[in-house]
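Engineer: Below is the structure I would like to discuss, written out as structure tokens.
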Amino acid sequence: MVTVTSHGAAKTVTGSCHLMEFENGLKVLIDCGMYQGAEEDKNYEPFGFDPRKIDYLLLTHGHLDHVGRIPLLVKQGFKGIIVATSATFDLAKIVLLDSAKLMEEEYKTRFKKAQRKGKEREVKKPLYTIKDVKSVFKQKKIKVKYEKKIEISKNVIAVFKDAGHIIGSAFIEIVYFKHNAKKRVIFSGDLGNRYNNVLPSPAKPKAAQTVFIESTYGDRCHRTYEDSVDEFKNAVIETISNKGNVLIPSFAIERTQQILAIFKEMEIKRELPSNAKVFLDSPMAIKATKIYKRYKHLLSNRYKKFGNPFSFSQLRLVTNIENSKKINDLKWGNIIIAGSGMCNGGRILHHLKHRLWNEKNSVIFVGFQAKGTLGREIVDGAKTVKIFDEDIIVRAKIYTINGFSAHADQKELLEWIEKIDNLKNIFLIHGEENKQTIFKKAIENYTGLNAHIVEPNEKIFI
């Protein structure tokens, strides 16, 4: 029998890791992501399988929650072949190097503090180091193009198709034979919001008997993209007009590029206040933006013709910490884009510490905030938050604009599922359980098919 076991992203959004096992002993892992937010301690738990016995690792895209534990996988003996698009390999490299750097720095800080208390043995070591990350890219790898068949083994073929989520992202169709009958299973990865102007809409899936589909926003429909852009522009203009500053916690990949493209259009249309400066205060986002420019042929038709969609005269790139600190000395008229997108680390914390208490300022959240993160606390209406062991009162105006999401909403997910002919089995992954329950009912009402919410480590026969 062919089985699939989800060793991550089951009844939760992060930690993507799905193991497909074939009758001939072939073992294929789809993604190997990091847990984030309230569940980050799970990163230190065993995988639930032997990394030495995995033959192939297929990557849907380069976000940390889909690639973040690969160095750990290699560290524990994985010697198989990694398969992904070229853009995914490039993004994964900067994401993993950044992750390792942050973990090493955090470990050193905690270790010093623990030494003063005589508790250094209690400090967890980093999951992996920069050296471990470099080992990942010495592994055998296959760079794939969309729609091209990749032979995994005899009678097992994988096809990567554009998921429209971030540059190079894919959903993966795996074709295999069972009792001489041709079967197909689809792993959605993260499906993109088709109204996001930067990337094309997700490709059409082929007929398949089984789909494992993400459900991040399976409980709701996004606001229209146009309304979201209007709200975003108004928030920026109003804040700058009131002599305030705008903070945008942003994911380095996809969301930052989308926001930069909006600001470029605002400048062209003379909607961006001329006295405003836009600071991109994220070395990783700057690197990611260069990758987006490198793979311009994968952008939507609108932005292929846009020259450089991510650069404009009022933009300032901030690479070093000294210049990042200087931003906080500027009084007003500053728009600061910084990571992390969920405020659980990175330079945004320093900017929040200096700006969150001032009612003239605003914080614009343009992405999903996982449970257990500082971003989720603020979005949920916390009156005070703790930043660097200091209680900071929340007086800044808080905006949550979900129309920028890089994820498909409920309506888009349902319509994508509907395109899959001969579908019989629908398995829900990558979502919080309460949202999956709502999505399950929506699927059953829309398609007439049963949907199953996958349990952690549940072995599913397909």
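The values are calculated or read from the model by the stated rules, or taken from the named source; none is laboratory data. Values in this document were obtained by computation on a predicted structure and should not be read as measured data. Using ideal geometry, Cβ is built from the backbone for each residue, glycine included, and neighbour counts are taken over all protein chains shown. SASA here: full protein model, heavy atoms, side chains in, ligands and nucleic acids out. Shrake-Rupley method; radii C 1.70, N 1.55, O 1.52, S 1.80 Å.
Engineer: So what's the angle, to the nearest 10 degrees on a 0 to 90 scale, between helix 86-117 and the longest Cα principal axis of the chain?
Structural biologist: So the helix axis and the longest Cα principal axis differ by about 60 degrees.
Engineer: Can you show me the helix-derived [θ] at 222 nm for the chain, built from DSSP H runs with n ≥ 4 at -39,500 (n - 2.57) apiece and divided by the number of residues, rounded to the nearest 500.
Structural biologist: For the chain, the value works out to -9000 deg cm²/dmol.
Engineer: Let me ask something additional. Taking a spot 7 Å from the Cα of Ala181 along the direction of its beta carbon, which residues of the stretch 201-230 have an amide N less than 17 Å from it?
Structural biologist: Correct set: 207-211.
Engineer: May I pose another question? So, R0 is 22 Å and r is the distance between the beta-carbons of Ala207 and Asn24; what FRET efficiency does that work out to, to 0.05? Don't skip to the answer; put the middle values down first.
Structural biologist: Working: r = 24 Å, r/R0 = 1.09.
Efficiency, from the Cβ-Cβ distance: 0.35.
Engineer: Pop out the carbon and sulfur fraction of the accessible area of the stretch 183-256 as a percent, whole number, probe 1.4 Å.
Structural biologist: Numbers: 1060 of 2280 Å².
Carbon-and-sulfur percentage of accessible area, whole number: 46.
Engineer: Note the angle between two axes, namely the Cα long axis of helix 255-268 and the longest principal axis of the Cα atoms of the chain, as a number of degrees from 0 to 90, rounded to the nearest 10.
Structural biologist: Tilt relative to the chain: about 50 degrees.
Engineer: Taking the Cβ-Cβ separation of Lys293 and Glu45 as r and a Förster radius of 30 Å, what is the calculated FRET efficiency to the nearest 0.05?
Structural biologist: The computed FRET efficiency comes out at 0.20.
Engineer: A follow-up question, please. So in the chain, what percent of DSSP beta bridges are antiparallel if you round to the nearest 5?
Structural biologist: Restricted to the chain, the bridges split so that about 45 percent are antiparallel.
Engineer: Suppose the chain between Ser86 and Lys131 were pulled fully straight at 0.36 nm per residue; how much longer would it get relative to their current alpha carbon spacing?
Structural biologist: 14.0 nm
Engineer: With the other protein chains left in place, how much accessible area per residue, in square angstrom, belongs to the chain at a 1.4 angstrom probe?
Structural biologist: So the chain comes to 44 Å² accessible per residue, rounded to a whole number.
Engineer: Spin-label point model (7 Å from Cα, Cβ direction): what's the Ile237 to Thr400 distance in nm?
Structural biologist: Here the modelled spin labels are 2.6 nm apart.
Engineer: For the chain, what percent of Cα pairs sit more than 34 Å apart?
Structural biologist: Tail fraction, whole percent: 33.
Engineer: Bins of 10 Å, beginning at zero and ending with the bin holding the largest distance: percent of Cα pairs per bin for the stretch 253-311, please.
Structural biologist: 22, 54, 24, 1
Engineer: Also, quick follow-up: On a full-extension model of 0.36 nm per residue, what is the gain between Glu120 and Glu432, subtracting their alpha-carbon distance, rounded to one decimal in nm?
Structural biologist: 108.8 nm
Engineer: Let me check I have the definition right: for the stretch 1-158, take the eigenvalues of the Cα gyration tensor, multiply each by 5, take square roots. What are those semi-axes in whole Å, largest first?
Structural biologist: Each semi-axis is √(5λ); the values are 31, 17, 13 Å.
Engineer: Expressed as a rounded percentage, what relative contact order does the stretch 311-462 have, with Cα pairs under 8 Å and six or more residues apart?
Structural biologist: 16 percent
Engineer: Here is a follow-up. How much FRET efficiency would the formula 1/(1 + (r/R0)^6) give for Trp332 and His452, where r is the Cβ-Cβ distance and R0 is 56 Å, rounded to 0.05?
Structural biologist: 0.60
Engineer: Next question, about the same structure. If you roll a 1.4 Å probe over the stretch 1-102 with all protein chains in place, what percent of the accessible area is carbon or sulfur?
Structural biologist: Looking at the stretch 1-102 in its full context, I get 49 percent from C and S.
Engineer: I need the Kirkwood Rh of the stretch 223-372: take the reciprocal of the average 1/r across all distinct C-alpha pairs and report it in angstrom. Mind dumping the intermediate values first?
Structural biologist: Values: mean 1/r = 0.0640 Å⁻¹.
About 15.6 Å for the stretch 223-372.
Engineer: So, one more: How far is helix 283-294 tilted, in degrees, relative to the longest principal axis of the Cα atoms in the chain, given as a value from 0 to 90 rounded to the nearest 10?
Structural biologist: Helix 283-294 sits roughly 60 degrees off the main axis of the chain.
Engineer: Also, quick follow-up: For the stretch 7-74, which GluC sites (Glu not before Pro) are both in a DSSP coil and crowded by at most 12 other Cβ atoms within 10 Å?
Structural biologist: Within the stretch 7-74, the qualifying GluC sites (Glu not before Pro) (loop, at most 12 other Cβ atoms within 10 Å) are Glu23.
Engineer: Could you tell me how far the Cα centroid of the stretch 325-362 sits from the Cα centroid of the stretch 135-189, in Å?
Structural biologist: So the separation of the two Cα centres works out to 41 Å.
Engineer: Each residue of the stretch 368-383 in order: what ³J(HN,Hα) in whole Hz does its phi give by Karplus 6.51 cos²θ - 1.76 cosθ + 1.60, θ = phi - 60°, with x for Gly and Pro?
Structural biologist: Per-residue couplings from phi come out as 4, 10, 6, 4, x, 9, 4, x, 5, 4, 5, 4, 6, x, 4, 7 Hz.
Engineer: How would you order 4-16, 390-402, 167-179 from highest to lowest mean count of nearby Cβ atoms within 10 Å?
Structural biologist: So the order, starting with the most tightly packed, is 4-16, 167-179, 390-402.
Engineer: Would you calculate the separation in nanometres between label points at Tyr107 and Met1, each defined as 7 Å from the Cα along the Cα-to-beta-carbon direction?
Structural biologist: Reported label-point gap for Tyr107 and Met1 is 4.1 nm.
Engineer: List every residue whose amide H lies under 5 Å from the amide H of Val83, counting only residues 5 or more places away in sequence or on a different chain, with H placed 1.01 Å from N in the peptide plane.
Structural biologist: Excluding prolines and chain starts, which carry no amide H, the hits are Leu57, Leu58, Leu59, Ile142.
Engineer: Compute log10 of I(q)/I(0) for the stretch 302-377 with the Debye formula, placing one identical point scatterer on every Cα and leaving out solvent, at q = 0.11, 0.21 Å⁻¹, to two decimals.
Structural biologist: Here the Debye-derived log intensity ratios amount to -0.36, -1.06.
Engineer: Classify the stretch 349-452: rounded, prolate or oblate, from the alpha-carbon gyration tensor (a ≥ b ≥ c, eigenvalue square roots; a/c under 1.5 rounded; otherwise prolate if a/b is larger than b/c)? Show your work: numbers first, answer last.
Structural biologist: Numbers: a/c = 3.95, a/b = 2.88, b/c = 1.37.
Here the stretch 349-452 falls in the prolate category.
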